[in-house]
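*Asks:* A single structure is presented below for examination.
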Amino acid sequence: MLLTVEGLSIAFRLEGRISVPVRGVSFEIPENGRVALVGESGCGKSLTALALGGLVDRAKITGKIIGSPRIAYVFQNPMQSLNPVMRVGAQIEEGLARSRAEAAGRYMSDTEEICSLLAAVGLPKGTDRKYSCEMSGGQQQRVMIAMALAQSPDLLIADEPTTALDVTTQKEVLDLIARIADERGMAVLLITHNLGLVARYSRDVNVMYAGEIVEKGTVPEILRSPRHPYTQGLLAAVPRLDAPKDAPLADIPGTVPPPTDWPRGCAFHPRCPKARPECSADSFYSLLSEFGSPAVRCIAAI
């Protein structure tokens, strides 16, 4: 197993109150795995991913992260992630500098390797001399992928990598990540709110709500027979090409509560169409049996 997360919790002290945006999260990423972490904004997905690379400051972190793979990130907004006053080649060079000490003999100059990385993500010669403002959103995201590859990662964490991109460019970027991962033997952790993307680009799925994993399993298990009402709601919200033109878009009523105000018991029960009185009880977790297959944290699904 490349990386194992056991009971990960992240707590902050905010204005005298304790906020725990990630609570007891456990999942695994196999060697060369394709794993998805799925949920709405505010569920704790990105914070969990940052903790895997030790990038969370001023927090109390408990639980175990077993394994020490080299991790690189592709973040969701390349326009904000790239430095607008540096040529993109110079920014990729910073990634090369960080990995130089670990390289077992470099066979290219930095300039040659930068051009090779940009070519690997489908960008033409001369891109290294451009500024990010001279590039489209899709090109900027390809530069971000090249920067990640410069660190020769074992695990690539793609955090909503297609935000603000048009549908065609989204597919191009995700296909590129999948192809390069296959070629280089990298594992990929895809963070998204879209179960439609998971169906194409992942093998294992972890559904996250209010800082917890509420359902996990393989892609066929989760997409064919989702058991948690939240997973069912996410799947219903994926637009279908065969739906009637006048069909209303499905949604999940309400919003994810803030971490300082997680509901008692099951955090999803205020929005859940299958909620029972015991779902809001403090003893909710003692009522749950062990995770089955697929694993689900829901009384109604047991």
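The values are calculated or read from the model by the stated rules, or taken from the named source; none is laboratory data. Nothing here was measured: the structure is a model prediction, and the numbers come from that model. Here the Cβ is made from the backbone with ideal geometry for all residues, glycine too, and neighbour counts use every protein chain on show.
*Asks:* If you take the residues of segment 244-302 that are of a type in the set (S, T, Y), at pLDDT 85 or above and in contact with a helix residue (DSSP H, G or I) (Cβ under 9 Å, 6 or more places away or on another chain), which of them is surrounded by the most Cβ atoms within 10 Å (Cβ to Cβ)?
*Replies:* S280
*Asks:* Looking at (1) more than 17 Å from Q80 (Cβ to Cβ); (2) free of Cβ contacts under 8 Å to residues at least 60 places away in the same chain; (3) of a type outside the set (D, E, K, R), which is the one condition that is false for L149?
*Replies:* (2)
*Asks:* Here is a further query. Looking only at segment 220-234, decide whether some residue is touching a Gly at 6+ places or on another chain (Cβ under 7 Å) and at pLDDT below 95.
*Replies:* No, the conditions are met nowhere in segment 220-234.
*Asks:* Here is a follow-up. Just checking, how many residues over segment 210-234 are farther than 24 Å from V5 by Cβ and not in a loop (DSSP other than H, G, I, E, B)?
*Replies:* 4
*Asks:* In segment 7-24, how many residues are out of contact with any helix residue (DSSP H, G or I) (no Cβ under 9 Å at 6 or more places or on another chain) and of a type in the set (S, T, Y)?
*Replies:* Residues in segment 7-24 being out of contact with any helix residue (DSSP H, G or I) (no Cβ under 9 Å at 6 or more places or on another chain) and of a type in the set (S, T, Y): 1 in total.
*Asks:* Which of the following residues is surrounded by fewer than 19 Cβ atoms within 10 Å (Cβ to Cβ), among the small types (G, A, S) and either assigned to a helix (DSSP H, G or I) or modelled with pLDDT of 90 or more (or both): A158, A119?
*Replies:* Being surrounded by fewer than 19 Cβ atoms within 10 Å (Cβ to Cβ), among the small types (G, A, S) and either assigned to a helix (DSSP H, G or I) or modelled with pLDDT of 90 or more (or both) holds for just one of A158, A119, which is A119.
For (1) surrounded by fewer than 16 Cβ atoms within 10 Å (Cβ to Cβ); (2) out of contact with any Gly (no Cβ under 6 Å at 6 or more places or on another chain); (3) on the phi > 0 side of the Ramachandran plot, each residue gets a yes or a no:
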{"position": "V167", "(1), (2), (3)": "yes, yes, no"}
{"position": "K171", "(1), (2), (3)": "yes, yes, no"}
{"position": "L174", "(1), (2), (3)": "no, yes, no"}
{"position": "E183", "(1), (2), (3)": "yes, yes, no"}
{"position": "L189", "(1), (2), (3)": "no, yes, no"}
{"position": "L195", "(1), (2), (3)": "no, yes, no"}
{"position": "M208", "(1), (2), (3)": "no, no, no"}
